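The values are calculated or read from the model by the stated rules, or taken from the named source; none is laboratory data. As the structure is a prediction and not an experimental result, all values here were calculated from the model. Positions of Cβ are backbone-derived with ideal geometry, glycine not excepted, and every protein chain shown enters the neighbour counts.
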């Protein structure tokens with residue numbers, strides 16, 4: 001970071017575990033980046049503003065800089081709750097809430113999340129990535145898959161979020177790999193691709209066998225000496241395969257875009273490609289910044 005940086009506005013992607021800040025130029029150019037581990041889950045109510053100021057202090061001058069935030073910062077447990085907007089809705093065009101701040105150098109704006117009544121579902125932050133897809137491809141009609149701790153499958157049409165589903169696949173993987181009996185079998189970071197592919201295929205044909213197939217990972221290791229990379233590949237494949245089986249109406253015959261961390265994007269794209277589904281790929285930061293810039297464009301018009 002540099003004291004010479006004078007942003008027109010500051011973009012925030014404030015999740016449960018991390019805070020990511022971007023000093024933005026007037027046309028959406030990123031002038032500087034900064035991040036910390038001060039996610040929503042690590043802060044009390046009085047800790048949000050100090051955490052933000054610690055990160056962006058070098059970008060602040062004498063005047064007031066608009067700050068536009070998305071993510072869990074707007075949750076009930078966040079800095080200030082931004083009520084959900086019901087789907088269907090157009091992302092990136094919602095008026096944010098403007099909670100008060102103690103430091104006059106910042107004017108905070110928090111974007112709302114999106115809710116769905118039936119089946120009940122919610123999102124915070126992912127709607128900004130949808131806005132990023134729409135900003136890049138205004139005519140996009142299809143499904144956005146955002147793999148992560150809680151993977152989102154979002155149907156987009158006519159620049160709207162039509163419907164969505166959430167799968168706890170990433171959280172299940174972390175729990176099983178770190179706290180269950182499978183922790184003895186799946187250590188390390190290596191992942192066997194062939195084992196992953198076979199596990200995905202197994203679940204797409206017999207998803208009801210997930211619980212038994214999971215314990216089979218442990219049994220294979222004990223009886224046949226299956227290595228950690230193969231076991232880890234099978235665990236990942238079983239969970240992603242079961243998710244694909246459950247979300248088949250979302251991706252079958254659809255135009256699919258997968259956005260997120262490169263390693264996860266690669267796994268989901270590989271699994272979908274094996275089913276003959278062509279996939280576009282994007283990284284999470286690109287989509288988030290495009291969505292925040294779209295939201296800033298609409299917000300700045302109201303501030304003039």
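May I ask you to verify whether residue 257 is more than 14 Å from residue 132 (Cα to Cα) and either surrounded by fewer than 21 Cβ atoms within 10 Å (Cβ to Cβ) or modelled with pLDDT of 95 or more (or both)?
So residue 257 does not fit the description; no.
Just checking, does the stretch 288-303 include any residue being surrounded by fewer than 19 Cβ atoms within 10 Å (Cβ to Cβ), modelled with pLDDT of 95 or more and assigned to a helix (DSSP H, G or I)?
no
Please go through the stretch 1-20 and pick out each residue that is within 20 Å of residue 107 (Cα to Cα) and either modelled with pLDDT of 95 or more or surrounded by 15 or more Cβ atoms within 10 Å (Cβ to Cβ) (or both).
Within the stretch 1-20, 5, 7, 8, 9, 10, 11, 12, 13, 14, 15, 19, 20 meet the criteria.
Here's the yes/no breakdown for (1) part of a loop (DSSP other than H, G, I, E, B); (2) in contact (Cβ under 8 Å) with a residue 24 or more places away in the chain; (3) over 22 Å from residue 291 (Cβ atoms):
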site: 5; (1), (2), (3): yes, yes, yes
site: 16; (1), (2), (3): yes, yes, no
site: 46; (1), (2), (3): no, no, yes
site: 50; (1), (2), (3): no, no, yes
site: 58; (1), (2), (3): no, yes, yes
site: 63; (1), (2), (3): yes, yes, yes
site: 67; (1), (2), (3): no, yes, no
site: 70; (1), (2), (3): no, yes, no
site: 73; (1), (2), (3): no, yes, no
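Determine, yes or no, whether residue 182 is more than 15 Å from residue 245 (Cβ to Cβ), assigned to a helix (DSSP H, G or I) and modelled with pLDDT of 95 or more.
For residue 182, the condition - more than 15 Å from residue 245 (Cβ to Cβ), assigned to a helix (DSSP H, G or I) and modelled with pLDDT of 95 or more - is met.
Specify which of the listed residues (21, 34) is closer than 21 Å to residue 126 by Cβ and in a strand (DSSP E or B).
21
Of the residues 208, 171, 220, which single one is part of a helix (DSSP H, G or I), on the phi < 0 side of the Ramachandran plot, within 27 Å of the chain's Cα centre (by Cα) and without any contact (Cβ under 8 Å) to a residue 40 or more places away in the chain?
171
Looking at (1) surrounded by 13 or more Cβ atoms within 10 Å (Cβ to Cβ); (2) free of Cβ contacts under 8 Å to residues at least 40 places away in the same chain, which is the only condition residue 241 fails?
Condition (2) is where residue 241 drops out.
Just name the residue that is nearest to residue 263 (Cα to Cα) out of those in the stretch 149-162 that are in contact (Cβ under 8 Å) with a residue 40 or more places away in the chain and surrounded by 19 or more Cβ atoms within 10 Å (Cβ to Cβ).
Result: 151.
Table: residues versus (1) part of a loop (DSSP other than H, G, I, E, B); (2) in contact with a helix residue (DSSP H, G or I) (Cβ under 7 Å, 6 or more places away or on another chain); (3) on the phi > 0 side of the Ramachandran plot; (4) crowded, with 19+ Cβ neighbours inside 10 Å.
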{"residue": "83", "(1), (2), (3), (4)": "yes, no, no, no"}
{"residue": "101", "(1), (2), (3), (4)": "yes, yes, no, no"}
{"residue": "127", "(1), (2), (3), (4)": "no, no, no, yes"}
{"residue": "132", "(1), (2), (3), (4)": "no, yes, no, yes"}
{"residue": "144", "(1), (2), (3), (4)": "no, yes, no, yes"}
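Looking at the structure I just gave you, is residue 88 closer than 30 Å to residue 162 by Cβ, surrounded by fewer than 22 Cβ atoms within 10 Å (Cβ to Cβ) and touching a strand residue (DSSP E or B) at 6+ places or on another chain (Cβ under 9 Å)?
Yes.
The rows are residues; the columns are (1) touching a helix residue (DSSP H, G or I) at 6+ places or on another chain (Cβ under 8 Å); (2) assigned to a helix (DSSP H, G or I).
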position	(1), (2)
245	yes, yes
250	no, yes
257	yes, no
263	no, yes
268	yes, yes
271	yes, yes
275	yes, no
285	no, yes
